[in-house]
Amino acid sequence: MNISTALQSFSRALMPSLAAAAILTAHPALADGSLANLIGDGKPWEMYVVKRKASNILVFRPDGKGTISDGLASISVTWRAVADGICIKPQGRTGEICHRLTRTSQGIAASQNGRDVFVLRR
């Protein structure tokens with residue numbers, strides 16, 4: 001194999017990675033917080049709260065607003081995507097709560113300090 005052939009093979013092998021990088025650069029919402037942006041599609045999610053062993057309904061809209069309800073009460077929240085997850089600020093509360101998001105066999109897990117807080121599924 002000569003140098004020219006080796007360079008062509010290397011270029012062909014590298015093209016899918018370069019294409020993916022170009023797509024992520026062109027669409028920053030996909031690059032940072034892609035699971036958060038998936039959650040923020042305006043459709044309801046079952047939000048299983050691990051500690052309470054109870055489910056709520058979570059709806060996050062693309063405009064950064066949303067609701068979390070348990071059937072009896074509902075709270076309004078704002079949310080934003082961050083590099084490895086999502087930050088949520090309940091209405092009337094100072095400060096936001098940030099969670100790391102990971103895809104698991106049960107759904108999308110939201111964790112703090114290495115512990116799952118809630119799991120989202122449809």
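Key figures
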| quantity | calculated |
| --- | --- |
| Residues whose placed amide H lies under 5 Å from that of VAL117, excluding near-sequence neighbours | ALA110, SER111, GLN112 |
| For ASN56, distant residues with modelled amide H under 5 Å away | MET47, TYR48, VAL49 |
| Descending semi-axes in whole angstrom, ellipsoid equivalent of the range 35-122, from the Cα gyration tensor | 17, 15, 13 |
| Modelled label reach - ILE57, point 7 Å along Cα→Cβ, the range 71-85 residues with backbone N closer than 15 Å | 71-76 |
| Residue-count net charge about GLY42 - beta-carbon cut-off 14 Å; Lys, Arg +1, Asp, Glu -1 | +2 |
| Estimated distance in nm for a label pair at GLN106 and ARG121, the labels positioned 7 Å out from Cα along Cα-to-Cβ | 0.8 |
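All of the numbers you see were taken from the coordinates with simple rules; none came from a lab. Worth saying up front: this structure is predicted, and the values here are computed from it rather than measured. Counting neighbours? That spans all protein chains shown, and the Cβs are built from the backbone with ideal geometry, glycine included.
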